[in-house]
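The values are calculated or read from the model by the stated rules, or taken from the named source; none is laboratory data. Everything numeric in this text was worked out from a predicted model, so none of it was measured. Neighbour counts run over all protein chains shown; Cβ positions are idealised from the backbone, glycine included.
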Amino acid sequence: MRRAVAEEAARAAGAVHMRYLGRSLERDIHNENRADYTTEADIESQNAVKQAIALHFPDETVIGEEDIEARTRIGEMLDAGCWLTDPLDGTQEFAHTNIGFSCVVGYVGGGQPLAGAAYFPVLGELFTAAAGLGATLNGAPIHVSGVTRLERALFATPQSNSSTQERRDRFAERMLKLLPHIEGFRMPGSASQMVCGVAAGRYDLTAVLGARTGPAPDRPYAGQPWETAAFLVIVQEAGGAVGSQDGGPADLLGYNAYAASQSLLDEYIALMAE
């Protein structure tokens, strides 16, 4: 049931995306970072997600990326159960009329991601998963590539659009360390495009090279749980391996690496720790 509702909510947001796509929209810039902003399409698509979920679960909490105050309390909600959404993952792609943006919706209960969906309206691709029930793309089962070594891996990563020199330097240093060991790399755009690409076997590994090393300026954690919840269940149900980028277990509140196999993930984590 929750998987179907996540799908419905993601599609509802996708309809909003398509209405706004190609328009000139005002940008609400965050933390003086010109590459990090919100548009009217983000806000309206988040409302669409909440309305779709409320039709089925009117008493359940839904927290979106644009809920600036509420998202500071996500850590408190994970055990009790809540819905999390990135209503427009890839706002920068959307603003430039690139096609790799999506709506991501996930449900967490007992501290574990239980269902998730990511809908790419221009591509017409709906990735979904539920714990113990596998992952699908437009209803057909998907599976990771199974690649086990970095030397055979196609790595996907977002560019570092941080406003801090420290994170830009970290991105460059880690990329230079990784490049001699992989088959190739791509920067396709939104995080959901890369993570869902791993689940479908299009990429073998994805991680954020310029990840924060401490809490974000506007919340008491580093990561982006409004998208991570769905990402974790989609990749794991597609047979992939997920772990924190610091070498620990997957972290809903932190940054994770998503891989086609546990051995590939272990090799990546070990290399980055050198």
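Residues checked against (1) modelled with pLDDT of 95 or more; (2) of a type outside the set (Lys, Arg); (3) touching a Lys or Arg at 6+ places or on another chain (Cβ under 6 Å); (4) closer than 17 Å to Gly240 by Cα:
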| site | (1), (2), (3), (4) |
| --- | --- |
| Thr97 | no, yes, no, no |
| Glu125 | yes, yes, no, no |
| Gly132 | yes, yes, no, yes |
| Ser163 | no, yes, no, no |
| Arg170 | no, no, no, no |
| Leu179 | yes, yes, no, no |
| Gly189 | no, yes, no, no |
| Ser192 | yes, yes, no, yes |
**Q.** Restricting the stretch 148-166 to residues that are under 17 Å from Ala257 (Cα atoms) and touching a Gly at 6+ places or on another chain (Cβ under 9 Å), the residue that is surrounded by the fewest Cβ atoms within 10 Å (Cβ to Cβ)
**A.** Gln159
Q. Quick one: would you say Ala199 is under 11 Å from the mean Cα position of the chain (by Cα), more than 20 Å from Arg167 (Cβ to Cβ) and either of a type in the set (Gly, Ala, Ser) or buried (at least 17 other Cβ atoms within 10 Å of the Cβ) (or both)?
A. no
Q. Are there any pairs with C-beta distances below 7 angstrom linking a residue in the stretch 242-254 that is on the phi > 0 side of the Ramachandran plot to a residue that is surrounded by fewer than 20 Cβ atoms within 10 Å (Cβ to Cβ) and part of a loop (DSSP other than H, G, I, E, B), with the two at least 6 apart or on different chains, and if so which?
A. none
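Does Leu264 satisfy being surrounded by 24 or more Cβ atoms within 10 Å (Cβ to Cβ) and either free of Cβ contacts under 8 Å to residues at least 60 places away in the same chain or farther than 19 Å from Ala129 by Cα (or both)? Show your work before the answer.
Details: surrounded by 24 or more Cβ atoms within 10 Å (Cβ to Cβ): yes; either free of Cβ contacts under 8 Å to residues at least 60 places away in the same chain or farther than 19 Å from Ala129 by Cα (or both): yes.
Answer is yes for this residue.
Criterion first (in contact (Cβ under 8 Å) with a residue 40 or more places away in the chain and under 17 Å from Leu252 (Cα atoms)) does Ala153 satisfy it? Explain how you work it out, then say what you get.
Values: in contact (Cβ under 8 Å) with a residue 40 or more places away in the chain: yes; under 17 Å from Leu252 (Cα atoms): no.
No: the conditions fail for Ala153.
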Q. Of these, Arg73, Arg23, Arg27, which one is assigned by TED's automatic domain parsing to the domain that holds Gly124 and either at pLDDT 80 or above or touching a Pro at 6+ places or on another chain (Cβ under 9 Å) (or both)?
A. Arg73
**Q.** Tally of residues being touching a helix residue (DSSP H, G or I) at 6+ places or on another chain (Cβ under 9 Å), in contact (Cβ under 8 Å) with a residue 60 or more places away in the chain and not in a helix (DSSP H, G or I) across the stretch 191-232
**A.** 8
Q | Residue list for the stretch 149-170, filter: under 19 Å from Ala273 (Cβ atoms), under 18 Å from the mean Cα position of the chain (by Cα) and outside any strand (DSSP E or B) | A | Thr157
Q) Of all residues in the stretch 218-253, which are surrounded by fewer than 19 Cβ atoms within 10 Å (Cβ to Cβ) and in contact with a strand residue (DSSP E or B) (Cβ under 9 Å, 6 or more places away or on another chain)? A) Asp218, Gly239, Ser244, Pro249
Q: Would you please name the residue that is surrounded by the most Cβ atoms within 10 Å (Cβ to Cβ), looking only at residues in the stretch 47-70 that are touching a Pro at 6+ places or on another chain (Cβ under 9 Å) and either hydroxyl-bearing (Ser, Thr, Tyr) or touching a residue at least 60 places away in the same chain (Cβ under 8 Å) (or both)?
A: Gly64
Q. Any idea how many residues of the stretch 71-122 are in contact (Cβ under 8 Å) with a residue 40 or more places away in the chain and outside any strand (DSSP E or B)?
A. 18
